[in-house]
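*Asks:* Structure incoming, see below.
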Amino acid sequence: MKNTTVTSILLFLLITINYTFSQTKNNTIESPLEYFNQRREAISLIKNEKWQESIEILKNLTTKFQNDADLFYLLGLSYYETGQFTNAIIVFKKTLDSGGTILTDIPTGSAPSNDIMIKIAKAYAEEGDKENALIWLQKGFASRYDEKPFLKEDSAFKDFIEDEKFLALFGNDNHANITRKEAWVKDISYLENRINELHYSPYHAISKTELSRAILDLKTKIASLNDEQIIVELMKIVGSLGNGHNLIIPTSPNKGALKKLPVQFYQFSDGLFIVDAEIGFEKWIGYEVESIENTTAEKALEKTNAINARDNDMQTLWLGPYYLGLPDVLKGLEIVENANQVAITLKDSSGKSQKVIMNPVSWNFSDFPKMPKLKDKEQPLFLSKTEDPYWHKLIPENNSIYVQFNIVTQKETQSLKDFNIELRNQISKNKVRHLILDLRHNHGGNGSILPPMLKTIINFQVMNPDGNVFVLMGRETFSAAQNLLTDITKYTDAILVGEPSGSKPNHIGEAGWFKLPYSGLMGLISTQFHQTSKAEDHRNWIAPHIPVNALSTDYFNGNDKALNIIMDVIKSNKN
């Protein structure tokens, strides 16, 4: 370990004395306005990654006022980015002592306390202090750090890669010639540990005894199951955790990656239909699924709940059809006998039925399923740009603006904040009276960037008391999109149109990664509780004010019934 410099020791003593003193006596700022201006200057320097220039300002500010954890955090980050790791450790610890920070939009930084703990671990590692690095890694993991699998290859820990204690944190050991059964036993045990390490409330839907029994039972059956069957059994275990942010990525393992059928299903209110297909299977698009082998489509969909860790029944409609497209899952749910050949009874628009044999194909999981674009018709507005995270279109004939928000992320070409500035300008310039926000394709993302969109909606209603805010919603309105929807209903009188939302106003969310050490199987476990609504709000979803069912006939004919109804409401109000 490198020696701590005299300067670092003096800095530590100075901050410690001042910080301790600040707990018993208010800090005295001779010029509050000067302090405020310097604070803004420091944050601007940080956002422009001018780390060295920010240090002197932040040192001065944290000496004058020790109650702002944001500034300790920024100072620690500046030290870290300039290679002053000992100083970074000292100041990051002060940040944690103050309760941490919720700062966002800080380059290379992440606000949660567990992220700060990992930064401290990295700083110790860079200093060559392996013992303290491991201690702080353990602290971060115990505090539900989300990105654990990706730390193993982090350059800060390049000298740890053969260290047994370091490897043990990721479930690995140095044992050679490990058998298949031993490898799976270690993976299953690691998953159990990771569930307990990550999940906000692992036993709210299943008891600890039941979970342990399921884990033990799977270990005893390893020899009688192939790799794909083991993965499906693990999907059942994760599914039993009972909330929507728990899932397994079925194409991630080194062995046993699940294949899928060459078609995509979608559950409409009038049945289960094929809405997309691989090349060579396009002719089946538009056909209704009557049964899979001897199980009706309705019963098969119900069976997917065993592996679909959902917030509510809307997620059965959303993700159930996805699971029905995985033959190994169909076999594990006792819907089919042979995962390599699946018989499906299909019905065409005239009511004629026929049995079709489908074989699985390889694929790579990239995202949750979305309603696909139409293959042979002009796209309706709501399907026209689903690949674009956010966009808008003026509808002058109804004095409206349509805004589609498809994923909570930042575009490289335009930040969400800048998009909303443009949106407000368009609303003002064109004297828009009705704002239509479409969240039907939005299953979440980075919720910390939502405020600009929420401000736009609130501002619109305040400035247009005679107009309306409409929100199109449905089964895919999930996670961060659910949080936005909940906030909109709290702060505005928006008219909700469509299906019930895919999550709860208050829900267990976030997504902490796990990676099983031997198979490589990856997945997500819920890590945080989001109380976006009142503490006593126990609704399973937010219900629409104008319910609109998703009909197959509307979809295949390119008709957006929900948007049409909104236009009817606008016209009736005008009349």
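The values are calculated or read from the model by the stated rules, or taken from the named source; none is laboratory data. Given the structure is predicted, the values throughout are model-derived calculations rather than measurements. Cβ atoms come from the backbone with ideal geometry, glycine included; neighbour counts cover every protein chain shown. Protein only, heavy atoms only, side chains kept; ligands, DNA and RNA dropped before computing areas. Shrake-Rupley method; radii C 1.70, N 1.55, O 1.52, S 1.80 Å.
*Asks:* Treating cross-link reach as a plain straight distance, find the lysines whose alpha-carbon is under 17 Å from the alpha-carbon of residue 352, omitting any fewer than eight places away in the same chain.
*Replies:* Of all the lysines, those that pass the test against residue 352 - Cα under 17 Å, at least 8 places apart if same chain - are 283.
*Asks:* Cα-Cα over 19 Å: which of 490/534; 93/158; 236/504; 260/375; 165/186; 64/94?
*Replies:* On the way: 490/534 10 Å; 93/158 24 Å; 236/504 22 Å; 260/375 21 Å; 165/186 16 Å; 64/94 15 Å.
Over 19 Å Cα-Cα: 93/158; 236/504; 260/375.
*Asks:* Okay, moving on. Once the piece of chain linking residue 34 and residue 340 is laid out straight, how much longer is it, given 0.36 nm per residue of separation minus the C-alpha distance between them?
*Replies:* So the extension gain works out to 103.0 nm.
*Asks:* Oh, and also: Taking a cut-off of 20 Å between Cα atoms, list the lysines near residue 411, but don't count ones fewer than 8 places away on the same chain.
*Replies:* 47, 370, 385, 393, 455
*Asks:* Normalise the Debye intensity by I(0) for region 384-502, one equal point scatterer per Cα, no solvent, then take log10 at q = 0.15, 0.19 Å⁻¹ and round to two decimals.
*Replies:* At q = 0.15, 0.19 Å⁻¹ the computed log10 ratios are -0.59, -1.00.
*Asks:* Further question: If the chain between residue 393 and residue 279 were fully stretched, how many nm would it gain, using 0.36 nm times the residue separation less the Cα-Cα distance? Present the calculation step by step, with values, prior to reporting the outcome.
*Replies:* Working: separation 114, 0.36 × 114 = 41.04 nm, distance 3.30 nm.
Roughly 37.7 nm would be gained on extension.
*Asks:* To continue, here is another question. What value, in deg cm²/dmol to 500, does the helix sum -39500 (n - 2.57) over DSSP H runs of n ≥ 4 give at 222 nm once divided by the residues of the chain? It would help to have the intermediate numbers written out before the result.
*Replies:* Values: 20 runs with 237 residues, N = 575.
My calculation for the chain gives -12500 deg cm²/dmol from helical runs alone.
*Asks:* Still on this structure, I have one more. Heavy atoms only, probe 1.4 Å: what % of the accessible area of the chain goes to carbon and sulfur, would you let me know?
*Replies:* Values: 12870 of 26430 Å².
Of the solvent-accessible surface of the chain, carbon and sulfur hold 49 percent.
*Asks:* Could you tell me the calculated FRET efficiency between residue 411 and residue 528, based on Cβ-Cβ distance and R0 = 22 angstrom, to the nearest 0.05?
*Replies:* Details: r = 25 Å, r/R0 = 1.16.
Here the calculated transfer efficiency is 0.30.
*Asks:* Over the chain, what relative contact order in percent results from Cα pairs under 8 Å that are six or more residues apart? Before the final figure, lay out each step's value.
*Replies:* Numbers: 1003 pairs, mean separation 67.6, N = 575.
Relative CO of the chain lands at 12 percent.
*Asks:* Still on this structure, please answer the following. Using a 10 Å cut-off on Cβ atoms, rank the peptides 262-269, 334-341 from the highest mean neighbour count down.
*Replies:* Working: 262-269: 20.4, 334-341: 14.9.
Answer by packing, highest mean first, reads 262-269, 334-341.
*Asks:* Which sequence of 162, 192 reflects their accessible areas, 1.4 Å probe, from the largest down?
*Replies:* Details: 162 155, 192 40 Å².
Of 162, 192, the descending order of accessible area is 162, 192.
*Asks:* Turning to a different aspect of this structure: With the Cα gyration tensor of region 40-109 giving a ≥ b ≥ c as the square roots of its eigenvalues, does the rule (a/c under 1.5 for rounded; else a/b larger than b/c for prolate; else oblate) give rounded, prolate or oblate?
*Replies:* On the way: a/c = 1.28, a/b = 1.19, b/c = 1.07.
Cα axes put region 40-109 in the rounded bin.
*Asks:* Could you compute Rg(Cα) / (2.2 N^0.38 Å) for region 304-404, with N its residue count?
*Replies:* Values: Rg = 18.6 Å, N = 101, 2.2 N^0.38 = 12.7 Å.
Cα-based Rg divided by the globular estimate yields 1.46.
*Asks:* May I ask what percent, to the nearest 5, of DSSP beta bridges between residues of the chain are antiparallel? Spell out each step's value before the answer.
*Replies:* Numbers: 37 of 54 bridges.
Counting only bridges with both partners in the chain, antiparallel ones make up about 70 percent.
*Asks:* Just from the alpha-carbon atoms, what are the Rg and Dmax of the chain in angstroms?
*Replies:* Cα only, the chain: 26.9, 85 Å (Rg, Dmax).
*Asks:* Sorted by packing (mean other beta-carbon atoms within 10 Å per residue), highest first, where do 165-175, 380-390, 352-362 land? Intermediate values should be presented prior to the final figure.
*Replies:* Numbers: 165-175: 14.2, 380-390: 16.4, 352-362: 12.5.
In decreasing order of mean packing, 165-175, 380-390, 352-362 become 380-390, 165-175, 352-362.
*Asks:* Sort the following peptides by mean Cβ neighbour count (other Cβ atoms within 10 Å, averaged over residues), highest first: 72-85, 51-64.
*Replies:* On the way: 72-85: 23.7, 51-64: 18.2.
For the peptides 72-85, 51-64, the packing ranking is 72-85, 51-64.
*Asks:* Take every Cα-Cα pair in region 166-298 and report what % of them are more than 27 Å apart. Don't jump to the answer; show the numbers that get you there.
*Replies:* Numbers: 3323 of 8778 pairs.
I get 38 percent for the Cα pairs in region 166-298 exceeding 27 Å.
*Asks:* Now a separate question. Using the alpha carbons of region 267-349, what is the convex hull volume per residue in cubic angstrom, as a whole number? Please report the intermediate quantities before stating the final value.
*Replies:* Numbers: hull volume 7.5 nm³, N = 83.
In region 267-349, the Cα convex hull volume per residue is 91 Å³.
*Asks:* Right, here's the next one. Note the full-extension length gain between residue 493 and residue 357 as 0.36 nm times their separation in residues minus their Cα-Cα distance, in nm to one decimal.
*Replies:* Numbers: separation 136, 0.36 × 136 = 48.96 nm, distance 5.07 nm.
In short, 43.9 nm is gained.
*Asks:* Suppose R0 equals 30 Å. What FRET efficiency, 1/(1 + (r/R0)^6) with r the Cβ-Cβ distance, do residue 168 and residue 212 give to the nearest 0.05?
*Replies:* Numbers: r = 21 Å, r/R0 = 0.71.
After rounding to 0.05, the efficiency reads 0.90.
*Asks:* What is the spin-label model distance, in nm, from residue 142 to residue 422 if the labels are put 7 Å beyond Cα along the C-beta direction?
*Replies:* 4.8
*Asks:* Checking the cross-link filter: which aspartates and glutamates have an alpha carbon closer than 17 Å to that of residue 431, excluding same-chain neighbours under 8 positions apart?
*Replies:* 397, 422, 466
*Asks:* Go ahead and run the numbers for FRET between residue 568 and residue 193, Cβ-Cβ distance against an R0 of 56 Å, rounding to 0.05. Can you show the working numbers first?
*Replies:* Numbers: r = 55 Å, r/R0 = 0.98.
Approximately 0.50, to the nearest 0.05.
*Asks:* Past the 12 angstrom mark, what percentage of all C-alpha to C-alpha distances in region 152-203 do you count?
*Replies:* Numbers: 940 of 1326 pairs.
In whole percent, the share of Cα-Cα pairs in region 152-203 beyond 12 Å is 71.
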